[in-house]
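Novice: Input: one structure, supplied below.
The values are calculated or read from the model by the stated rules, or taken from the named source; none is laboratory data. Given the structure is predicted, the values throughout are model-derived calculations rather than measurements. In this analysis, Cβ positions are derived from the backbone assuming ideal geometry, glycine residues included, and neighbour counts consider all displayed protein chains. Please note that ligands, DNA and RNA were not included when accessible areas were found on the heavy atoms of the full protein model with its side chains. Shrake-Rupley method; radii C 1.70, N 1.55, O 1.52, S 1.80 Å.
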Amino acid sequence: NAAHRALAELEQAGFQVSVITQNIDDLHERAGSRDVLHLHGEILMSRSSADPNLRYPVGRKGIRLGDLCDKGSQLRPDVVWFGEPVPRYAQACEIVAEADLVLVVGTSLAVMPAAVLINELPFDADCVLVDPDESLRVPAGVARLVMPAGEGVPALTRHWQREGRLFMPQLG
């Protein structure tokens, strides 16, 4: 959608953009983003059931019983099921800890552990939440833009491109 495209355009304009997504689809990549961390895995990838570091693209046939990794264990979807650990969480924390600004989009900030990633922000970094739900509780220090992602994210990225730097506009 327009939010995916706007983030990719910001990156193409020379800004350092790291996307951390809870989604398992490839919409960010299709929009053009190159630095995408799929916190909960990728549905278009498979992984070894014995060694999660062995990952393979999923072909058109999908994954079938008997499809094995190079070490001989069954392949499974490369996604985090409920109750499983989130193996890319530490990497996500590192990305957020180095950020100047975090843009939170498409989440109620209720799904753990992603909901607490903003706690990793450096003291002098900004954080803005783009969400149309006015009743959503927002943590202290988080600015909010009450708009759908497809409108709010493009508006913010256009502003940042005009200004030539990332800084927080006055949000109401």
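Novice: Restricting to region 55-64, what's the tally of residues that are more than 28 Å from Ala114 (Cβ to Cβ) and open to solvent by less than 90 Å² (accessible area, probe 1.4 Å)?
Specialist: So the count comes out to 1.
Novice: I've got another one for you. Kindly evaluate Ser135 against the criterion of being at pLDDT below 95 and under 15 Å from the mean Cα position of the chain (by Cα).
Specialist: No, not satisfied.
Novice: Considering Val128, Val116, which residue is part of a helix (DSSP H, G or I) and within 20 Å of Ala97 (Cα to Cα)?
Specialist: Every option except Val116 fails the conditions.
Novice: Just the residues that are among the acidic types (Asp, Glu) and in contact with a Leu (Cβ under 6 Å, 6 or more places away or on another chain), please, taken from region 71-93.
Specialist: Matches in region 71-93: none.
Novice: A further question follows. Yes or no: region 15-35 includes at least one residue that is under 22 Å from Leu121 (Cα atoms) and more than 13 Å from the chain's Cα centre (by Cα).
Specialist: Scanning region 15-35, I find at least one residue that is under 22 Å from Leu121 (Cα atoms) and more than 13 Å from the chain's Cα centre (by Cα), so the answer is yes.
Novice: Go over the candidates Pro139, Pro154, Pro122 one by one and state the one that is in a loop (DSSP other than H, G, I, E, B) and either touching a Leu at 6+ places or on another chain (Cβ under 7 Å) or over 22 Å from Arg88 (Cβ atoms) (or both).
Specialist: From the options Pro139, Pro154, Pro122, the qualifying one is Pro139.
Novice: Let me ask you something else. Looking at region 38-49 only, could you name the residues that are assigned to a loop (DSSP other than H, G, I, E, B) and farther than 22 Å from Thr21 by Cβ?
Specialist: Filtering region 38-49 down to residues assigned to a loop (DSSP other than H, G, I, E, B) leaves 39-40, 49.
Within region 38-49, just Ser49 meets the criteria.
Novice: Select from region 65-84 the residues that are among the aliphatic types (A, V, I, L, M) and part of a loop (DSSP other than H, G, I, E, B) and write down the one among them that is surrounded by the most Cβ atoms within 10 Å (Cβ to Cβ). Write out each step before concluding.
Specialist: Taking region 65-84 and keeping what is among the aliphatic types (A, V, I, L, M), we get 65, 68, 75, 79-80.
After this cut, where a residue has to be part of a loop (DSSP other than H, G, I, E, B) as well, the list is 65, 80.
Working: Leu65: 6, Val80: 18.
Checked region 65-84; the qualifying residue surrounded by the most Cβ atoms within 10 Å (Cβ to Cβ) is Val80.
Novice: Of everything in region 7-38 that's farther than 17 Å from Ala92 by Cα and of a type in the set (A, V, I, L, M), which residue is surrounded by the most Cβ atoms within 10 Å (Cβ to Cβ)?
Specialist: Of everything passing the filter in region 7-38, Leu7 is surrounded by the most Cβ atoms within 10 Å (Cβ to Cβ).
Novice: Answer with yes or no whether Gly72 is at positive phi and at pLDDT 90 or above.
Specialist: Numbers: at positive phi: yes; at pLDDT 90 or above: yes.
Against the criterion (at positive phi and at pLDDT 90 or above), Gly72 qualifies.
Novice: Right, something else. Kindly provide the set of residues from region 138-164 that are over 19 Å from the mean Cα position of the chain (by Cα), under 23 Å from Leu27 (Cα atoms) and open to solvent by 70 Å² or more (accessible area, probe 1.4 Å), ordered by number.
Specialist: Scanning region 138-164 gives Arg158, Gln161.
Novice: Next question. Which one of these is under 25 Å from Cys127 (Cβ atoms), at pLDDT below 95 and in a loop (DSSP other than H, G, I, E, B): Pro52, Pro87?
Specialist: On the way: Pro52 fails: under 25 Å from Cys127 (Cβ atoms).
From the options Pro52, Pro87, the qualifying one is Pro87.
Novice: Can you run down the residue pairs with Cβ atoms below 9 Å, 6 or more apart or on separate chains, where the first is in region 141-158 and farther than 13 Å from Val102 by Cα and the partner is open to solvent by 30 Å² or more (accessible area, probe 1.4 Å) and polar (S, T, N, Q)?
Specialist: Every condition considered, the pairs that remain are Ala149/Asn1; Gly150/Asn1.
Novice: When Ile43 is evaluated against the numbered criteria (1) buried (at least 19 other Cβ atoms within 10 Å of the Cβ); (2) touching a residue at least 24 places away in the same chain (Cβ under 8 Å), which criterion, by number, is the only one it fails?
Specialist: (1)
Novice: So Glu94 passes all but one of these: (1) among the acidic types (Asp, Glu); (2) under 18 Å from the mean Cα position of the chain (by Cα); (3) surrounded by 15 or more Cβ atoms within 10 Å (Cβ to Cβ). Which condition number does it fail?
Specialist: (3)
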